[in-house]
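> Below are the structure tokens for one structure; questions will follow.
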Amino acid sequence: HSKLLTVILTYYNQVNVLEKQVKYWLDLAGDVTRRITFLIVDDGSEKSAAEAVKHVPNIEDLSLQIFRIHEDKYCNIGGARNLGSLVAFTEWILHTDVDIVLREDALRRILQIIGRDKRKIHRFNRQYENGSTKIHPGTMLLPRSLYWEVGGCDEDFVGNYGQTDVHFLYRAEKVVPVKTHKNIM
């Protein structure tokens, strides 16, 4: 299988969470991970993502890329998402945050969505431990070309928590349909 998807994960000073995430990825079935590249964008953390995961056993078994933004700007999620979208080499990208675990069954369904409709953005409900669900505005699947057609994240929002993803989706809905998948994550 060739790589179909780049999972772009943003990281900022959450060393233990990132380490758990990478270990989880290593436990995923090979038929899933063979089709995914994991890309971590380190948004100027005190302890770099590379340092945080270098001791994880068998990390070389993952298709993993780490990019680091050296200037620490408050709430630079837009810059991190743009960098990840720029350097990803697959046609399809999935933006997510370091604290969101993409279950294996969800990744299998996401891999089935790829290629169906290149003119749609897919969003997903996040399921919490108590069983409740809620849309996470920063988790979305779309072709890279569509991300840039919308204009990427507006980096004028750097420094303002929680506005980047909402603004991206507001602009995106003027260009293409946005589909929400219930209970996929």
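The values are calculated or read from the model by the stated rules, or taken from the named source; none is laboratory data. On a predicted model such as this, the values are computed, not experimentally measured, just so you know. Don't worry about glycine lacking a Cβ; one is built from the backbone with ideal geometry, like all the others, and counts go over all protein chains shown. Only protein heavy atoms, including side chains, enter the accessible area calculation; ligands, DNA and RNA are left aside. Shrake-Rupley method; radii C 1.70, N 1.55, O 1.52, S 1.80 Å.
> What's the FRET efficiency of residue 155 with residue 65 using the Cβ-Cβ distance as r and R₀ = 30 Å, to the nearest 0.05? The partial results should precede the final answer.
Working: r = 21 Å, r/R0 = 0.71.
Step by step, r from the Cβ atoms, then E = 0.90.
> At 7 Å along the Cα-to-beta-carbon direction for both residue 171 and residue 47, put a label point, then send me their distance in nm to one decimal.
Result for the modelled spin labels: 3.5 nm.
> Mind listing the long-range amide H neighbours of residue 135? Cut-off is under 5 Å, sequence gap 5 or more, other chains count too, H placed in the peptide plane at 1.01 Å from N.
126
> For region 100-117, in order, what is each residue's ³J(HN,Hα) by Karplus, 6.51 cos²θ - 1.76 cosθ + 1.60 with θ = phi - 60°, in whole Hz (x at glycine and Pro)?
9, 8, 8, 4, 4, 5, 5, 5, 4, 5, 5, 4, 6, 6, 4, x, 5, 8
> Can you give the accessible area per residue of the chain, in Å², using a 1.4 Å probe?
Values: 8990 Å² over 185 residues.
Solvent-accessible surface per residue comes out at 49 Å².
> For region 7-143, calculate the relative contact order in percent as a whole number, restricting contacts to Cα pairs under 8 Å that are 6 or more residues apart.
On the way: 202 pairs, mean separation 37.6, N = 137.
Relative contact order comes out at 27 percent.
> For region 96-159, I need the span (max minus min coordinate) of the C-alpha atoms along each principal axis, in Å, sorted largest to smallest.
Computed over the Cα atoms, the extents are 36, 35, 16 Å.
> For region 60-185, restrict the atom set to alpha-carbon positions and state the Rg and Dmax in Å.
14.5, 41
> Gaussian network model of the chain, Cα springs within a sub-10 Å range: biggest mean-square fluctuation belongs to which of 13, 76, 130?
130
> May I pose another question? With a point put 7 Å past each Cα toward its Cβ, work out how far residue 103 is from residue 116 in nm, to one decimal.
1.8
> Sticking with this one: Taking a threshold of 20 Å on the Cα-Cα distance, which of the pairs 118/174; 20/47; 23/47; 3/182; 134/174; 118/179 fall above it? If you can, show how the numbers build up before the last one.
On the way: 118/174 16 Å; 20/47 15 Å; 23/47 18 Å; 3/182 26 Å; 134/174 23 Å; 118/179 12 Å.
Over 20 Å apart, Cα to Cα: 3/182; 134/174.
> Here is a follow-up. When the accessible area of the chain is computed with all protein chains present and a 1.4 Å probe, what percentage of it is carbon and sulfur?
Values: 4300 of 8990 Å².
Answer for the chain is 48 percent, counting heavy atoms of protein chains only.
> Right, next: Under a straight-distance cross-link criterion of Cα-Cα below 18 Å, which aspartates and glutamates are reachable from residue 120, leaving out those fewer than 8 residues away in the same chain?
Straight-line reach from residue 120, under 18 Å: 91, 149, 165, 173.
> Taking amide H positions as placed 1.01 Å from N in the peptide plane, with prolines and chain starts having none, which residues 5 or more places from residue 68, or on another chain, fall under 5 Å of its amide H?
Here the answer is 42, since their amide H atoms fall under 5 Å of that of residue 68.
> What list of ³J(HN,Hα) couplings, whole Hz, do you get for region 21-35 from phi and the Karplus terms 6.51, -1.76, 1.60, once you set θ to phi - 60° and write x for glycine and proline?
4, 5, 4, 4, 4, 5, 8, 5, 4, x, 5, 7, 5, 5, 9
> Then there's this: Find how many whole Å separate the alpha carbon centroid of region 110-160 from the alpha carbon centroid of region 60-74.
Using only Cα atoms, the two centres lie 20 Å from each other.
> A further question follows. How large is ³J(HN,Hα), in whole Hz, for each residue of region 82-90 in order, when computed from phi with the Karplus curve 6.51 cos²θ - 1.76 cosθ + 1.60 and θ = phi - 60°, using x for Gly and Pro?
Each residue of region 82-90 in turn: 5, 4, x, 5, 6, 8, 4, 9, 8 Hz.
> Evaluate E = 1/(1 + (r/R0)^6) for residue 179 and residue 86, where r is the Cβ-Cβ distance and R0 equals 25 Å; express this FRET efficiency to the nearest 0.05.
After rounding to 0.05, the efficiency reads 0.50.
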